[in-house]
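Have a look at the structure below, then the notes.
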Amino acid sequence: MSAASPVILVTGAGRGLGRGVAIQLAEQGCSVAINFAGNRAAAEETVVLCQKAAVSSAQKFIPVQADISSPADRQRLVDETLAGFGRIDALVNNAGVAPKVRADITQASIESFEEIIRINLQGPYFLTQLVARHWLDKKPEPALKGGFKIIFVTSISADTASIARGDYCISKAGLAMAAQLWATRLAAEGILVVELRPGIMATDMTTGVKGKYDDLLAQGLVPQMRWGTPEDVGLAVRSVIAGDFPFSTGAVIPVDGGFNLRRL
């Protein structure tokens, strides 16, 4: 890690996986732009937790409100992060939503599909474009070992079909391809792009199906037989940001307790 405090922009960092990522980055000595869509109280709680985890008085933690599905908000998010910190050294595309109603694909609505795609796919795809353009146009000096980095947080739903969440699965499959595209485009520029693929995670998003997954976990659906946590994802992000995967651009890293294993 550089002597300067690297600045990491984490979307959806007010709670859930994003909060776990922000706290791990704070422990690593990074400053964090804590993006949130609407829950300012949760984002401010993340700020406090990051301040407690910080290892240097030079670190800064600033909540930045922006709806990443909005082009104007995406631009403002980048502008306010640069204004508040003076730099961006890495982008963690974490923000995402589940459908408000789980509906069989024979009944699912166009409105839900369009909303999920705007937030989960279009948002991070074009936010990455803004950050990449800044790096390529301004050519700032990176404060991270190994240079600038972009992390896409997808889901096992990128390649695991759930017929009651078709819109979500398609958004995550698209996001996985977005990671491949950006990795290909930016590799020669010295910018590392990695996909993290979380499994069954204990967050607000899964509260409504906890009983179902408790039973499936007990039956061995996940070889490590437990829920994933925001800390699990945070530790993976922390390792990538630290420069521990210097020759792995485009890598898909499972954070799923072995769910991805093919078993008989």
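The values are calculated or read from the model by the stated rules, or taken from the named source; none is laboratory data. The shown structure was predicted, so the numbers you read here are calculated from the model rather than taken from an experiment. Neighbour counts run over all protein chains shown; Cβ positions are idealised from the backbone, glycine included.
Yes/no matrix, rows are residues, columns are (1) within 22 Å of Glu141 (Cα to Cα); (2) surrounded by 24 or more Cβ atoms within 10 Å (Cβ to Cβ):
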position	(1), (2)
Gly16	no, no
Arg19	no, yes
Gln28	yes, no
Val32	yes, yes
Ala37	no, no
Arg40	no, no
Lys52	no, no
Val55	no, no
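Evaluating Ala164 against the criteria (1) within 26 Å of Arg133 (Cβ to Cβ); (2) among the hydrophobic types (A, V, I, L, M, F, W, C); (3) assigned to a loop (DSSP other than H, G, I, E, B); (4) touching a residue at least 40 places away in the same chain (Cβ under 8 Å) leaves one unmet condition, (1). With closer than 24 Å to Thr206 by Cβ, surrounded by 14 or more Cβ atoms within 10 Å (Cβ to Cβ) and either at pLDDT 95 or above or aromatic (Phe, Trp, Tyr) (or both) as the only criterion, which of Ala66, Ala95, Ala90 stands out? Exactly one residue qualifies, and that residue is Ala95. The number of residues in the range 173-202 that are free of Cβ contacts under 8 Å to residues at least 60 places away in the same chain, farther than 23 Å from Leu136 by Cβ and either touching a helix residue (DSSP H, G or I) at 6+ places or on another chain (Cβ under 7 Å) or of a type in the set (Phe, Trp, Tyr) (or both) comes to 4.
Consider the range 218-233 and keep the residues that are hydrophobic (A, V, I, L, M, F, W, C) and part of a helix (DSSP H, G or I). The one that is surrounded by the fewest Cβ atoms within 10 Å (Cβ to Cβ) is Ala218.
Is one or more of the residues making up the range 152-167 under 19 Å from Leu127 (Cα atoms), surrounded by 14 or more Cβ atoms within 10 Å (Cβ to Cβ) and among the basic types (Lys, Arg)? Within the range 152-167, not a single residue is under 19 Å from Leu127 (Cα atoms), surrounded by 14 or more Cβ atoms within 10 Å (Cβ to Cβ) and among the basic types (Lys, Arg). Test Ala236 against the criterion of being at pLDDT 95 or above, surrounded by fewer than 17 Cβ atoms within 10 Å (Cβ to Cβ) and within 24 Å of Val10 (Cβ to Cβ), and give yes or no. It is false that Ala236 is at pLDDT 95 or above, surrounded by fewer than 17 Cβ atoms within 10 Å (Cβ to Cβ) and within 24 Å of Val10 (Cβ to Cβ). Does any residue of the range 202-217 turn out to be touching a Leu at 6+ places or on another chain (Cβ under 8 Å), among the β-branched types (Val, Ile, Thr) and surrounded by 21 or more Cβ atoms within 10 Å (Cβ to Cβ)? So far as the range 202-217 goes, no, none of its residues is touching a Leu at 6+ places or on another chain (Cβ under 8 Å), among the β-branched types (Val, Ile, Thr) and surrounded by 21 or more Cβ atoms within 10 Å (Cβ to Cβ). Which of the residues that make up the range 218-264 are polar (S, T, N, Q) and in contact (Cβ under 8 Å) with a residue 40 or more places away in the chain? Thr229, Ser248, Thr249, Asn260, listed by residue number. Would you mind stating whether Val55 is farther than 20 Å from Thr229 by Cβ and assigned to a helix (DSSP H, G or I)? Spelling it out, it is not the case that Val55 is farther than 20 Å from Thr229 by Cβ and assigned to a helix (DSSP H, G or I).
Report yes if some residue within the range 150-158 is modelled with pLDDT of 95 or more, under 28 Å from Thr106 (Cβ atoms), in a helix (DSSP H, G or I) and in contact with a strand residue (DSSP E or B) (Cβ under 8 Å, 6 or more places away or on another chain); otherwise report no. Scanning the range 150-158, I find at least one residue that is modelled with pLDDT of 95 or more, under 28 Å from Thr106 (Cβ atoms), in a helix (DSSP H, G or I) and in contact with a strand residue (DSSP E or B) (Cβ under 8 Å, 6 or more places away or on another chain), so the answer is yes. Are any of the residues in the range 119-128 of a type in the set (Ser, Thr, Tyr), under 23 Å from Gly16 (Cβ atoms), without any contact (Cβ under 8 Å) to a residue 60 or more places away in the chain and not in a helix (DSSP H, G or I)? No, the conditions are met nowhere in the range 119-128. Of all the listed residues (Ala33, Ala13), the sole one being within 24 Å of Ala242 (Cβ to Cβ), touching a residue at least 24 places away in the same chain (Cβ under 8 Å) and part of a loop (DSSP other than H, G, I, E, B) is Ala13.
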